[in-house]
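Right, one structure below, let's go through it.
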Amino acid sequence: MLIDSHCHLNYKGLIEEQGAVLERARARGVRGFLNISTKRGEWDAVVATARREPDVWASVGIHPHEADRHAGLDAALLREAVQDPRVIAIGETGLDYYYDKSDRKVQQDLFRVHIAVARETGLPVIIHTRDAEADTAAILTEEMARGAFPALIHCFTASAEFGQQVLDLGLTISISGIVTFKNAKDLQSFAAQVPDDRLLVETDAPFLAPIPHRGRVCEPAFVADTCAYVAALRGTDSAALAAQTSANFFRLFSKAAL
């Protein structure tokens, strides 16, 4: 079994042939897909896909790029949305200071709203962070002090120091196809050292196709390539890592079931 812990099945590049995309992934051993939303207008479609496909689950949340357009998001709206049995996670949310598409204070406030709902419901919060390590770590530390909550750093590309900080806080780390890139030496080193029980793999499809698929639309099937690459970094085989990361997925996303 292998799980793609983060993909956007309703995005351009995948939605046009979503059924075939899923079948190609299943043919490579992918048995579960977490379909991620990034803005309120996507929630219904993302959840509908999860209702239709028994091996697909959904998240509901607001990406930091979309924060300005959702500045008044009420926690009650998130709380209501996660009651759907196919919704197993909150996010993606977090901070992105690389593009700065939304006001940083608005990003931070909305990030805390997601965390509050995660704490209340017990559902994991899926975190996007780019060029915002210090503020992300500070918010996570402050919020953990108010009460623990499950959380995941998706598509990890940050420093090893930040990685250790979030591991110390109890978070899980997800590795995408970026780890296969030639210039990702620091990430490769870190991916080799993440504790066995804190590691997931993902595609972030349709983005970030791993080698040997660079230049193509990324598909969930390619998580098998990322898994094999990470397994080699860690001195194990891909089947063992697939089993480990799948077990980690179901432990973290405890609402999921096949």
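Exactly one residue among THR49, THR38 is within 21 Å of VAL113 (Cα to Cα) and either without any contact (Cβ under 8 Å) to a residue 24 or more places away in the chain or hydroxyl-bearing (Ser, Thr, Tyr) (or both), and that residue is THR38. Would segment 235-253 turn up any residue that is modelled with pLDDT under 95, part of a loop (DSSP other than H, G, I, E, B) and within 23 Å of ALA58 (Cα to Cα)? Within segment 235-253 (the criterion being modelled with pLDDT under 95, part of a loop (DSSP other than H, G, I, E, B) and within 23 Å of ALA58 (Cα to Cα)), the answer is no, since none of the residues qualifies. No other residue among VAL230, VAL223 is at pLDDT 95 or above and in contact with an Asp or Glu (Cβ under 9 Å, 6 or more places away or on another chain) apart from VAL223. Of all the listed residues (LYS101, LYS105), the sole one being outside any loop (DSSP other than H, G, I, E, B), over 19 Å from the mean Cα position of the chain (by Cα) and either over 19 Å from SER174 (Cβ atoms) or in contact (Cβ under 8 Å) with a residue 24 or more places away in the chain (or both) is LYS105.
Among the residues making up segment 87-108, those that are under 23 Å from PHE149 (Cβ atoms) and either charged (D, E, K, R) or surrounded by fewer than 15 Cβ atoms within 10 Å (Cβ to Cβ) (or both) are GLU92, ASP96, ARG104, LYS105.
Residues of segment 71-87 that are over 16 Å from GLU120 (Cα atoms) and either touching a helix residue (DSSP H, G or I) at 6+ places or on another chain (Cβ under 6 Å) or at pLDDT below 95 (or both): ALA71, GLY72, LEU73, ARG86.
For PHE149, the stated conditions do not hold, so it cannot be described as closer than 21 Å to VAL223 by Cβ, out of contact with any Leu (no Cβ under 7 Å at 6 or more places or on another chain) and not polar (S, T, N, Q).
The values are calculated or read from the model by the stated rules, or taken from the named source; none is laboratory data. Quick caveat: nothing in here was measured; it's all calculated off a predicted structure. Note: ideal-geometry Cβ built from the backbone for every residue, glycine included; neighbour counts use all protein chains shown.
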